[in-house]
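This report concerns only the one structure given below.
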Amino acid sequence: MTFSPPYPTRRFAGPPVALEALTKNLTRIICPALFSLALMATLGVCRALPFADSKTRVPTDSSGKTALNLIEFRPKISEKTRFCLEQPVEHGQKPCTNAKSDRLLGSARGQTEPEKWLKEAEDAYGRVTGYTAIFHKQQRVKGKLLQEETILIKFRRPFSLYMRWIAAPYKGSELLYVEGWNGNRARAHRGGLTRFITRNLDPKNPRLMAGNLRPLTDTGIGYLVKTVAVNVRKASKAGELSFFARGEEMVYGRKTQILEAVFPKDKVKGYDAYRVIVNQDIKSKILVRIQIYDWDDQLFEKYGYEDLKLDAGLTDADFDPENAGYHF
């Protein structure tokens, strides 16, 4: 038995009409779906990738958070360095610094002009004829950081110096030196049981140099200004100096600005230190404290002038061994 189809049989060069209709319908459904999937995937990838903030040039993701681990647009800076750059030097703490990283950031944080500052410090001290202070002194001798010494100091130009130790470890000791007097020798005695034994000694005598890095003729604010100036100018001329303003700090009741000079970490270069931290009184421009660090970045010397009285009206009696207040 033969069955006839419900519609006449036809031959086509292309697909049957029903198949063509089905293909068009599938195209309308599948293509938009595929496009949506591709778009979603693309957006997902873009969301994952960081983009650069136009102000900071630091990569951020779509939430605005930095994405330094994905793309880096500037030299990497360690967390320690970042902390150092943002922290002022606190009283009693070892200053934190990284001069190289400051330069990587374009020296925007604190780089200052050394010559201008030196001129201010030199001019300020140049107007001083004499002063009194409580002198704080600490030095590292033969690798050992010695106990801080506390000394009442009187200084007058030309070089006249009186010192009395008012706290341990040398409480009661006295020293007097006046340029041109006593054969250019110091008159000195120890405290305690030996306080009655007075000696006349050359400033570089081993008895006076014991436990000291420098002779007594290197004592005073003027010597510190001169030493810092020599080193800073030498390094600046050689293009080897990093010099920074590190903010402000109260020192001995005075508002001071903190200045840091960093020299090459190489003794062969001939500098007196690797780093120097200076506290300069903002009002008078006088240096009231200096901290010096060696090439191992250890505190090497520290000098401070508390209760500083400039132009204190000192007279010859203040530098006379017969002064009733002295015990020579």
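The values are calculated or read from the model by the stated rules, or taken from the named source; none is laboratory data. In this text the structure is predicted, and so the values were computed from the model without any measurement. All Cβ positions, glycine included, derive from the backbone under ideal geometry; neighbour counts span all protein chains shown.
Listing for the model above:
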item: Search result, residues across segment 215-274 that are among the hydroxyl-bearing types (Ser, Thr, Tyr) and either at pLDDT below 95 or over 25 Å from Arg157 (Cα atoms) (or both); result: Ser236, Ser242, Thr256, Tyr271, Tyr274
item: Residue selected from segment 127-165 under the condition charged (D, E, K, R) and outside any strand (DSSP E or B), by the criterion surrounded by the most Cβ atoms within 10 Å (Cβ to Cβ); result: Glu148
item: Cβ pairs under 7 Å, 6+ apart, first in segment 308-328 and surrounded by fewer than 15 Cβ atoms within 10 Å (Cβ to Cβ), second of a type in the set (Gly, Ala, Ser) and assigned to a helix (DSSP H, G or I); result: Asn323/Ala317
item: Residue tally, condition touching a Ser or Thr at 6+ places or on another chain (Cβ under 9 Å) and not in a loop (DSSP other than H, G, I, E, B), over segment 261-275; result: 3
item: Top-ranked residue of segment 120-144 - restricted to ones that are more than 25 Å from Tyr170 (Cα to Cα) and charged (D, E, K, R), ranked as nearest to the chain's Cα centre (by Cα); result: Glu120
item: Residues (assigned by TED's automatic domain parsing to the domain that holds Val225, within 25 Å of Leu146 (Cβ to Cβ), assigned to a loop (DSSP other than H, G, I, E, B) and not charged (D, E, K, R)) located in segment 290-328; result: Trp295, Gln298
item: Those residues of segment 253-287 which are closer than 18 Å to Lys119 by Cβ and hydrophobic (A, V, I, L, M, F, W, C), in sequence order; result: Leu259, Ala261, Val276, Val278, Ile282, Ile286, Leu287
item: Which listed residue, of Gly270, Gly191, Gly211, Gly222, is more than 30 Å from Glu322 (Cα to Cα) and of a type in the set (Gly, Ala, Ser); result: Gly270
item: Pick from segment 211-237, criterion small (Gly, Ala, Ser) and farther than 21 Å from Asp297 by Cβ, ranking: surrounded by the fewest Cβ atoms within 10 Å (Cβ to Cβ); result: Gly211
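Rundown of residues vs (1) surrounded by 15 or more Cβ atoms within 10 Å (Cβ to Cβ); (2) among the β-branched types (Val, Ile, Thr), yes/no style:
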position	(1), (2)
Ile277	yes, yes
Ser284	yes, no
Gln291	yes, no
Asp297	no, no
Phe300	yes, no
Glu306	yes, no
